[in-house]
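Below is one structure; the comments refer to it alone.
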Amino acid sequence: MTFSPQTQQIPVLVGLARGDRLHRIAQDTHTPFKTVTDRHTRLLRGAQVPNSACLIDVAYLRGWLADLPQEPRELLALSDRKTEILHALAAGLTDTQIARHLHITLYTVRDHLKDMYRSMGARSRPHAVALGHQHRLFRATPPAGLTPHHATTELSA
């Protein structure tokens, strides 16, 4: 059986996709912070992903955020390296793992992330992944050697 988020978990996904932190989501939805963190944890476990950026990638791939309107903004084109880093974020990799995968330093990864966030107008990793999906910045297939953390899970609705 494929995991699907419950109705009360959707605002958590929407908040993450919009770049909000869990505290802000709790405040905006008038929900206790502990309840929001519990829903977030259940979403991560249900989707079998390590972090929120990967969760947003799965949410777009499975159509859970299909009704979320695209954010109205012009995005600057990303370099090939920044596109690789965006794929790595969606795959759930940490900064250290990205550095190892791309054979660059951790400081270079962080510089690329800062530049990428600035050019995209992203406020967080999940927000960058959401904007990447909304503006079709992902390649049809991930870069060589980069298998998304959730690739072994079924991606149907």
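The conditions of being open to solvent by less than 80 Å² (accessible area, probe 1.4 Å), within 12 Å of the chain's Cα centre (by Cα) and modelled with pLDDT of 95 or more are met by LEU93.
In this structure, TYR117 does not satisfy being without any contact (Cβ under 8 Å) to a residue 12 or more places away in the chain, open to solvent by 80 Å² or more (accessible area, probe 1.4 Å) and of a type in the set (Phe, Trp, Tyr).
Taken over the range 1-43, the criterion of being among the charged types (D, E, K, R) and over 18 Å from the mean Cα position of the chain (by Cα) is satisfied by ASP28, LYS34, ASP38.
The number of residues in the range 32-70 being charged (D, E, K, R), outside any helix (DSSP H, G or I) and exposed (fewer than 13 other Cβ atoms within 10 Å of the Cβ) comes to 1.
Checking every residue in the range 96-105 against the condition of being under 30 Å from THR7 (Cβ atoms), open to solvent by less than 80 Å² (accessible area, probe 1.4 Å) and either at pLDDT 95 or above or of a type outside the set (Val, Ile, Thr) (or both) gives zero matches.
The single residue among ILE85, ILE10, ILE25 that is of a type in the set (Val, Ile, Thr), open to solvent by 50 Å² or more (accessible area, probe 1.4 Å) and outside any loop (DSSP other than H, G, I, E, B) turns out to be ILE10.
The values are calculated or read from the model by the stated rules, or taken from the named source; none is laboratory data. In this text the structure is predicted, and so the values were computed from the model without any measurement. When we count neighbours, we look across all protein chains shown, and the Cβ atoms used for this are built from the backbone with ideal geometry, even at glycine. Protein only, heavy atoms only, side chains kept; ligands, DNA and RNA dropped before computing areas. Shrake-Rupley method; radii C 1.70, N 1.55, O 1.52, S 1.80 Å.
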